[in-house]
Amino acid sequence: MATTSSSQLKNICVLSGFRYGKYKEFVQAAVDLGRAIAKRKLHLVYRGGDRGLSKLVSEAVFVRGSQVLGIIPKALKPLGCIPDPPTGEELVVSGMQERISEMLNHADAFIFLPGDLATLEALITFASWAHLNIHKKPIDLLNINNFYDGLITFLNHAIKIYFIPSSTKKTLYLCSYCE
């Protein structure tokens, strides 16, 4: 089982969407998070690619001198989602599940910005694996403009009717974003 203490944090995996979203706060939070990661001299692991919030985080980290590793499925390569030259290093994997596994292997903690279905897939996978004691790495949800409120409502409902144990909710840390 993988475990991490705060003093062991070196590689932070940030997951977010391939789009910018509707609100300027999404964009600002992505840039601010990238700057904060670099300021702490941490390394970034992310979903790879050159679009959306993912791009903004990776650029903010990379231009400040921290290492960046983008992990992207080869199926996305023809869609123009892999920059040339890449921001940092790129690891091309066979598919989405391999990407999630590689992210777990390379990261000490996870931060989720608003994102798409692939972001949600990774969030649910990492939370499930934490529940199953496959890892004990922190999972933070950056709740910009209440993006994750619906998910928290669902989790509370599933806990209330005994489909999810209450301990599962404790694996997720909800963080609000303030400009």
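Details
- [x] 25.7, 96; [y] 25.2, 86; [z] 15.6, 50, with the label sought being that of the calculated Rg and Dmax of the Cα atoms in Å: [z]
- Between helix 24-39 and the chain: long-axis angle, C-alpha atoms, 0 to 90°, nearest 10: 80 degrees
- With Cα atoms, 0 to 90° folded angle of helix 149-160 axis to the chain main axis: 30 degrees
- Set Lys22/Lys137; Lys22/Lys136; Lys39/Lys137 screened for pairs whose C-alpha atoms are more than 23 Å apart: Lys22/Lys137; Lys22/Lys136
- Less than 5 angstrom separates the built amide H of Asn143 from those of Cys175, Ser176, Tyr177, all sequence-distant by 5 or more or on a different chain.
No value in this document is a laboratory result; all are computed from the given coordinates. These figures come from a predicted structure and were not determined experimentally.
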